[in-house]
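Quick notes on the structure that follows.
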Amino acid sequence: MAAELEISLFGSCVLRHTDPRAGDITGAKHRALFALLVTAPLNRRSRSFLQETLWGLADYESGHQNLRRALSDLRKRIGDNFDKILTVSNKEIEIDMARIKVIGGPADGPFLDDLNVREPAFVAWRDGVRARPDTVKALCTISKKTGPARIRPRVCALPLAVPAGDRDLAIAGDWIAEETCRMMSRSSLLSVISHLSGRAMSQRFVDLVNVRKTLDVDFLMTGAMRRHGDLLVADVDFIDVHTGTLLWNRHLSCGAAHFAQDAADWLVNVVQSVGRSIAETALHVGRQTPLPDLPDHRLLIAGATAMHHPRLGDFLRARQLLDEAASRAPDNPNVLSWLGKWYVLSIFKNYSTDRAGDTQRALDCTARALDLDPQSSFGLTIDGFVNGNILKNMDLAEKRYAAAQDINPSESLAWLLRGSLLAFRDEGQSAIRATKMARDLSPIDPFAYYFDSLASSAYLAGGEYEKALELADRSLEVNDRHISTLRSRIAALHALDRGAEARQTADDLQRRFPDFCLDDYRNTHPSADSKTGKLVMTALAAAGVP
């Protein structure tokens, strides 16, 4: 989607059409209004905030009229694209950043240097940004890159090196690499080089420059294997190929007679470490690096990781990362599907101030993804997620999950969300089987807390309250701001007659989500009318949730 307007935020504040024939928008308050919207969390501001910030010296009615007049002027200047760029309601105004190009950067001068708006609230906001400009710097990020983008990190696992002449040990080292590739390839966030290519590469002297040039990979798993008496000993290294950094090393020692079983269990830990390392490394870089400087392969996984972190700042950064990924790879259905999931989570996390609008945006993302690739199992899964968990259209959600599993039986998120849907219907044992399958298929997934959370709900529906509590506790150790997990924990504790602990968890929930009440759950949750949903509502009420 091409941008219709461009704005500079540092030095001279310029707001103009991308078509040079249309000219600039020069009004100070008009430019200030756009600057406030472009820099807003979730790209929306309340009308009252805009009125007070831009016309703070006027009374409320005058500020209201001034804002209406400014919007009317902008409608005339922008023309038919006004309603595409700005969504205006009686409570707030939202800007579509896909239609805005931020130009220039901090080298051009101070933030909004020439914008002569004197209202104290605006001056205080502007000076606050100047004191801490990092967030706004990240907006100066429209990618300058051209050509196709490789949006997923590329990973290769080489067969483990063994002493010459030990054929059985060579087979074991090759099997470890093959099984690792198979497990990693189940993730929609990674691109995995085939085991056969890795085997061919291992036949020669391995150096990082040669690996990077030959296989075009970002991360490499390599290592060595040897015998030590009756033991087989393996050491595995995981390396960032671009920097040469050793991210971690794992050591395995087991009896030769039990190698297959011990190595299979050990590989799960190895692959989980791969997923966590790539995700956390990408997020660390993504937090600190201006978007134009981020390599393509960092964007999607950093955005997907950030949206699952408990901090609001990370969640907002996730949107920037995914928008940048979409701008570099506009025909990638996975990127659009992850962006759709971001909108769903903005509703679940109670960050959304426009539930209906964000629901439609999520559906728009999945519709575009499925237009690009009707066989996208991940796109089908996220479309089912929107329909089932937000719109309560369970039959359509079930069809989407089934279609995703027909295309890709290893689509772990489809299994997980289908299990959640079964839990909504009180089909507890089926829900347990589906969520167990999801967790078995997703050792690479860096969002294990999310899998544990939904599995907790499945065990709750199945009446296995101790297991539901165990999974909820494990999930909360990683992310203690996931409201679904807190509700499951309260319900499990209530069912186990542990009322004092349930009340304490309810206090935690209300502290983190002060606006949550029983009516919210009753009116919006897809399982509210089920047996499990009634258990949750009874537990919440008994624990003191209003």
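Taking the conditions (1) in a helix (DSSP H, G or I); (2) open to solvent by 50 Å² or more (accessible area, probe 1.4 Å); (3) closer than 15 Å to ARG99 by Cα in turn, LEU37 satisfies each one other than (2).
Scanning region 495-512 for residues that are in contact with a Leu (Cβ under 8 Å, 6 or more places away or on another chain) and assigned to a loop (DSSP other than H, G, I, E, B) returns a single hit, LEU496. Considering only residues that are in contact (Cβ under 8 Å) with a residue 40 or more places away in the chain and over 12 Å from THR538 (Cα atoms), look in region 501-523 and name the one that is surrounded by the fewest Cβ atoms within 10 Å (Cβ to Cβ). Checking each candidate, the answer is ASP515.
Residues that are surrounded by fewer than 24 Cβ atoms within 10 Å (Cβ to Cβ), in contact with a Ser or Thr (Cβ under 6 Å, 6 or more places away or on another chain) and either in a helix (DSSP H, G or I) or among the hydrophobic types (A, V, I, L, M, F, W, C) (or both) within region 402-421 comprise ILE407, SER412, listed in sequence order. As a summary of the residue check, GLY104 satisfies the conditions (1) at pLDDT 90 or above; (2) farther than 24 Å from LYS349 by Cα; (3) under 35 Å from the mean Cα position of the chain (by Cα) except for the one numbered (1).
Out of curiosity, is VAL236 under 25 Å from the mean Cα position of the chain (by Cα) and not hydroxyl-bearing (Ser, Thr, Tyr)?
no
Residues are listed down the side, and each one gets a yes or a no for (1) assigned to a helix (DSSP H, G or I); (2) within 28 Å of ARG227 (Cα to Cα):
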{"position": "HIS251", "(1), (2)": "no, yes"}
{"position": "GLY275", "(1), (2)": "yes, no"}
{"position": "ARG287", "(1), (2)": "yes, no"}
{"position": "HIS297", "(1), (2)": "yes, no"}
{"position": "ALA306", "(1), (2)": "yes, no"}
{"position": "ASN334", "(1), (2)": "yes, no"}
{"position": "VAL344", "(1), (2)": "yes, no"}
{"position": "ASN350", "(1), (2)": "no, no"}
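Residues to consider are SER530, SER488; find the one that is out of contact with any Gly (no Cβ under 9 Å at 6 or more places or on another chain), farther than 14 Å from ASN350 by Cα, buried (at least 19 other Cβ atoms within 10 Å of the Cβ) and hydroxyl-bearing (Ser, Thr, Tyr).
Of SER530, SER488, the one residue that is out of contact with any Gly (no Cβ under 9 Å at 6 or more places or on another chain), farther than 14 Å from ASN350 by Cα, buried (at least 19 other Cβ atoms within 10 Å of the Cβ) and hydroxyl-bearing (Ser, Thr, Tyr) is SER488.
Remark: HIS494 falls outside the filter, which requires a residue to be within 18 Å of TYR351 (Cα to Cα) and either open to solvent by less than 70 Å² (accessible area, probe 1.4 Å) or without any contact (Cβ under 8 Å) to a residue 60 or more places away in the chain (or both). Restricted to region 247-281, and to residues there that are over 17 Å from MET183 (Cβ atoms) and under 26 Å from the mean Cα position of the chain (by Cα), the residue that is surrounded by the most Cβ atoms within 10 Å (Cβ to Cβ) is THR281.
Restricting attention to region 440-467, report how many residues are open to solvent by 60 Å² or more (accessible area, probe 1.4 Å) and under 23 Å from the mean Cα position of the chain (by Cα). Count: 1. Out of VAL117, VAL102, VAL88, one residue alone is of a type outside the set (Lys, Arg) and open to solvent by 30 Å² or more (accessible area, probe 1.4 Å). It is VAL88.
Screening region 4-27 for residues that are small (Gly, Ala, Ser) and open to solvent by 30 Å² or more (accessible area, probe 1.4 Å) and picking the one that is farthest from the chain's Cα centre (by Cα) gives ALA22. Put simply, of GLU119, GLU178, GLU94 the only residue that is farther than 25 Å from GLU280 by Cβ, in contact with a Lys or Arg (Cβ under 8 Å, 6 or more places away or on another chain), touching a residue at least 12 places away in the same chain (Cβ under 8 Å) and charged (D, E, K, R) is GLU94. Kindly establish whether ALA257 is aliphatic (A, V, I, L, M), at negative phi and touching a His at 6+ places or on another chain (Cβ under 9 Å). So ALA257 does not fit the description; no. Of the residues making up region 321-358, those that are open to solvent by less than 10 Å² (accessible area, probe 1.4 Å) and polar (S, T, N, Q) are SER337, SER346.
Among the residues of region 282-298, are any under 29 Å from LEU169 (Cβ atoms), open to solvent by 70 Å² or more (accessible area, probe 1.4 Å) and basic (Lys, Arg)? No: zero hits.
The values are calculated or read from the model by the stated rules, or taken from the named source; none is laboratory data. Nothing here was measured: the structure is a model prediction, and the numbers come from that model. Because the Cβ atoms are built from the backbone with ideal geometry, glycine has one as well, and the counts that use them run over all protein chains shown. SASA here: full protein model, heavy atoms, side chains in, ligands and nucleic acids out. Shrake-Rupley method; radii C 1.70, N 1.55, O 1.52, S 1.80 Å.
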